[in-house]
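Below you'll find the structure, written out as structure tokens, and then a few comments.
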Amino acid sequence: MPRRRSNLGRRTRGAEAVRRVIANQTEEERASANERNRQRMAQKRAEEAAEQRAARLEYARWRARQARRSRSAASNLLRSQQNERDRLRVAERRLRETADPRQNLINHALKELMEVEDVSENVLQVHLNGLLQINDKIALKEITRQLNLENVVGDKVFGSFAENLSFILEALKKGDRTSSCPVIFILDEFDLFAHHRNQTLLYNLFDISQSAQTPIAVIGLTCRLDILELLEKRVKSRFSHRQMHLMNSFGFPQYLKIFKEQLSLPAEFPDKLFAEKWNENVQCLSEDKSVQEVLQKHFNISKSLRSLHMLLMLALSRVTTSHPFITAADLMEANQLCSMDSKANIVHGLSVLEICLIIAMKHLNDIYEEEPFNFQMVYNEFQKFVQRKAHSVYNFEKPVVMKAFEHLQQLELIRPVERTSVNAQREYQLMKLLLDNTQIMNALQKYPNCPTDVRQWATSSLSWL
């Protein structure tokens, strides 16, 4: 019986043909979709590039507008800063001219001395200031610099300060003493040099001036009348004890005139219009009653022009482009800063425990009539207050109270009566309070959040005995 021919192969070939057609259609659709995506992305990038170009153009226009505005503002700022610099330069020049009668006298004497031809060709000057040369090493470098001897000294190593100074002065010699180059040393703020260690600079300068080595003269300028008490015995023995006291003898009208002269701008000031307004304001200030009261108080405390200049510089520091003129309020605030009690300001920053210890010391001074006290006495007085009020908030351990007591000593609100001995117990070392009752009470009035019990304890008299 013949076998029937199977349709499986035919069906398989048909299915494969259908799959090939579908695959071709799918491939064409995928290529078409990719093409559409590429076109869409290209269009999007073109739009973004156009937006970025527009944004950059707008930003460039904004920068140009800002630059024009900033140039205008910068020119105004530079003009105002130049005016302010001119004012400060004039004020600084006037301060240098009349800052100190001692300095004026020295400058005038040196000017006359240098007019002599032989002197101007031979004499050298060295100007030192105790505010700048804070130790002998810095002072020696400044002497070397002013004498133009850096190349001579070089990297030489010296055994002592005296050897170094002698070498510097020896370098100025031409031969014997008669042909040596004289040097004038002018020490401003002379009292600060006396606080240098062992007063080595002063000792060597005075020793050389007394000996027949190099012809030098030492001139010291200071505002302290007790300057000799600051000198060591060996320094004082080499001092010539020649002193000149310069006292201001003018009255308040002259003082007020100096006030106007110091603040007024000169005729050669660049901004004529501003100078005229400034001088008119200064004239109005000098006629103001409140300003005259401030100046009168300042005059009664000190006639020193340095003190007046400090007052004026504090007032001038408040002058800005938005506040171009000095007012009476500026001078009043400057006067408060000048007359501020520094120790009372320290009390404002103390803890409540340290305030309590100061009040205990105040009561001890009242009880024992300013006699010295020790830590144990202060601690006992403080314990009386704690037991009376029975407040645990004030009940500190003794080591904590001792630490607060030592902190007061570090702040120099108390000081030991005698030099501390190695074997002495800290609790029994005698101390002295460096605040009076008025300072303590004024500080308590301004103390932030001072407890009522503590303030009442401070105002009570001897109720804790």
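Note on SER339 and LYS141: the model spin-label points, each 7 Å out from Cα along the C-beta direction, lie 4.2 nm apart.
As an exercise, use a Förster radius of 35 Å and the Cβ-Cβ distance of GLU397 and GLU369 to find the FRET efficiency, rounded to the nearest 0.05.
Values: r = 31 Å, r/R0 = 0.90.
Approximately 0.65, to the nearest 0.05.
Modelled this way, with points 7 Å down the Cα-to-C-beta line, the labels at GLU115 and TRP62 are 6.9 nm from one another. Projecting label points 7 angstrom from Cα along Cα→Cβ for ARG197 and ARG426 puts them 2.6 nm apart.
Along the Cα-to-Cβ line of GLN283, 7 Å from the Cα, sits a label point; which residues in the stretch 248-274 have backbone N less than 20 Å from it? In the stretch 248-274, the label zone of GLN283 (backbone N under 20 Å from the point 7 Å along Cα→Cβ) covers 253-274. Using the Cβ-Cβ distance between LEU273 and LEU225 with R0 set to 35 Å, the FRET efficiency from 1/(1 + (r/R0)^6) comes to roughly 0.15.
Full-extension gain between GLN445 and GLU150, please, as 0.36 nm times their residue separation minus the C-alpha to C-alpha distance. List each step's numbers first, then the result.
Working: separation 295, 0.36 × 295 = 106.20 nm, distance 5.76 nm.
Result: 100.4 nm gained on full extension.
Amide H contacts of GLN125: ILE184, each under 5 Å away and 5 or more positions distant or on a separate chain (H built 1.01 Å from N in the peptide plane; Pro and chain starts excluded).
Packing here is the average count of other Cβ atoms within 10 Å per residue, and on that basis the peptides 366-377, 325-336, highest first, run 325-336, 366-377. The alpha-carbon of LYS398 sits under 12 angstrom from the alpha-carbons of these aspartates and glutamates, leaving out residues fewer than 8 places away in its chain: GLU427.
Excluding same-chain neighbours fewer than eight residues apart, the lysines reachable from LYS272 by a Cα-Cα span under 21 Å are LYS260.
Cross-linked pairs LYS141/LYS233; LYS236/LYS343; LYS233/LYS432; LYS257/LYS303; LYS403/LYS432: Cα-Cα separations exceed 21 Å for LYS141/LYS233; LYS236/LYS343; LYS233/LYS432. Which FRET efficiency value, to the nearest 0.05, is calculated for SER351 and SER32 with the Förster distance at 60 angstrom and r the Cβ-Cβ distance? About 0.10, to the nearest 0.05.
Between THR459 and GLN387, residue separation times 0.36 nm minus the direct Cα-Cα distance comes to 24.1 nm.
Laboratory data are not the source of any read-out in this text; all were calculated from the coordinates shown. None of the values given here were measured: they were computed from a predicted structure. Please note: Cβ atoms are built from the backbone with ideal geometry, for glycine as well, and neighbour counts cover all protein chains shown.
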